[in-house]
Amino acid sequence: MRVVVADPPAYTPPYDHALAAALARAGADVELVTSRFRFGDVVAPEGYRRRELFYPLSSRLFRRSRLRVPLKALEHPLGLVRLAATRADVVHMQWLAAPELDLRLLRHRAPLVLTAHDLLPRRTAHKVRLWRRLFDRFERIVVHSERGCETLAAFGVPEAKLRVIPHPVSPSDPGRRDDGRTVLALGLVRPYKQLEHAREAAARAGASLRVAGDSDAFLPESEIDRALAESTVAVFPYRPELDQSGALLRALGAGVPAVVYDVGGLGEPVRAFGAGRVVKPDDVDALADALGELLDDESALAAARAGASRARAELTWDAAAHAHLELYRELL
């Protein structure tokens, strides 16, 4: 089976790489179609091919310039033409960078699959008719949680199209060098992550907050590993604007338990594996109490760490690849 995994804007290179490599290990012929990642190096392909068909100029010539966005809009149709000419049995889109253009121009002879990482992307979520028409273009839509499935079904996506494939854990073993009272906020800094809630809750719990992230660029792997090794608990006080968090799965994969707001699918792996605490959204008091419970009770913290280890053992990329291949076979 020839599978094309497409991430035109290169929003999630680590996810793209891990999925493509796992599909290749499972026996698929995989090509990752994307663009140049503007914020650092990417991992070399393992068992799959990688081609940068999108944004050959805007991703290289501009960084913060105002000219990048209009040039990118001009380049997008050319990338879609190149994608349409790529031989495939299934084309799996990870992100739709220009929804209005994709609605008119995204075409391929092979069945189209979409992973709705953010369910309804923040910038265009108000365009209900646009997204209903876009979802109609795909044979299957992957979400990472049962709640995500319920959300899109309520939005009008036929349940027969929806498939829940949990977001895998990103395993690592950075060791543990924390002081027992460090709370970690991990990942790109964005308003929906509500760092102000994390700061207040950590202060109330008598802990220090470590922010391991930037507003414009991904941190090097060595810095992420150091932050994970030196943190006791991770915190995710997000607004309900996404299905699942790669940063959360990275923390659990390092054995760091998490306290999360019950939004999107964030609470599902934490509850399922006992890997921390899930509290009501926007409740800073509950967030602080949950952090304090884990930081002040050695047995509770040990149990949550064991839950994170169980999540790492079960939510694997190979399991996700098997589920994806089952989905693709439905379409052939």
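Some values worked out for this structure:
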| quantity | calculated |
| --- | --- |
| Computed over the stretch 186-228, the ratio Rg/Rh where both radii use C-alpha atoms and Rh is Kirkwood | 1.00 |
| Surface share of carbon and sulfur [accessible, 1.4 angstrom probe, percent] for the stretch 12-99 | 58 percent |
| Quotient of Cα Rg and 2.2 N^0.38 Å for the chain, N being how many residues it contains | 1.00 |
| Estimated vicinal HN-Hα couplings, Hz - the stretch 155-160 in sequence order (Karplus 6.51, -1.76, 1.60; Gly, Pro = x) | 6, x, 6, x, 4, 5 |
| Globularity index of the stretch 208-286, i.e. its alpha-carbon radius of gyration over 2.2 N^0.38 Å | 1.07 |
| Extreme residue, positive dipole direction of the chain, given options 6, 182, 74 (C-beta unit charges) | 74 |
| ³J(HN,Hα) computed for each position of the stretch 241-246 - Karplus, 6.51 cos²θ - 1.76 cosθ + 1.60, integer Hz, glycine/proline x | 10, 8, 8, 8, 10, x |
| Order of exposure, largest accessible area first, which applies to 131, 317 with probe 1.4 Å | 317, 131 |
| Most mobile listed residue (213, 40, 264) in the chain, GNM with C-alpha springs under 10 Å | 40 |
| Long-range HN-HN contacts of residue 234 with modeled amide H, under 5 Å | 184, 258, 259 |
| Per-residue HN-Hα couplings for the stretch 177-187 [Karplus 6.51, -1.76, 1.60; θ = phi - 60°; Hz; x = Gly/Pro] | 10, 7, 8, x, 9, 10, 9, 10, 10, 10, x |
| Value of Rg/Rh across the stretch 1-158 [Cα atoms, Kirkwood radius] | 0.95 |
| Other-chain or far-sequence residues with amide H under 5 Å of residue 162's (modelled H) | 141 |
| Portion, in percent, of the accessible area of the stretch 138-220 that falls on carbon or sulfur, probe 1.4 Å | 50 percent |
| Area accessible to solvent at residue 322, 1.4 Å probe radius, in Å² | 100 Å² |
| Interchain or long-range residues, amide H under 5 Å from residue 244's placed H | 265 |
| Å³ per residue enclosed by the Cα convex hull of the stretch 122-272 | 123 Å³ |
| Computed over the stretch 232-332, the ratio Rg/Rh where both radii use C-alpha atoms and Rh is Kirkwood | 1.05 |
| Per residue accessible area of the chain, 1.4 Å probe, in Å² | 44 Å² |
| Highest average packing first - 13-20, 176-183, 79-86, 249-256, Cβ atoms within 10 Å | 249-256, 13-20, 79-86, 176-183 |
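The values are calculated or read from the model by the stated rules, or taken from the named source; none is laboratory data. Just so we're clear, the structure is a prediction, and the values are computed from it rather than from any experiment. Because the Cβ atoms are built from the backbone with ideal geometry, glycine has one as well, and the counts that use them run over all protein chains shown. Protein only, heavy atoms only, side chains kept; ligands, DNA and RNA dropped before computing areas. Shrake-Rupley method; radii C 1.70, N 1.55, O 1.52, S 1.80 Å.
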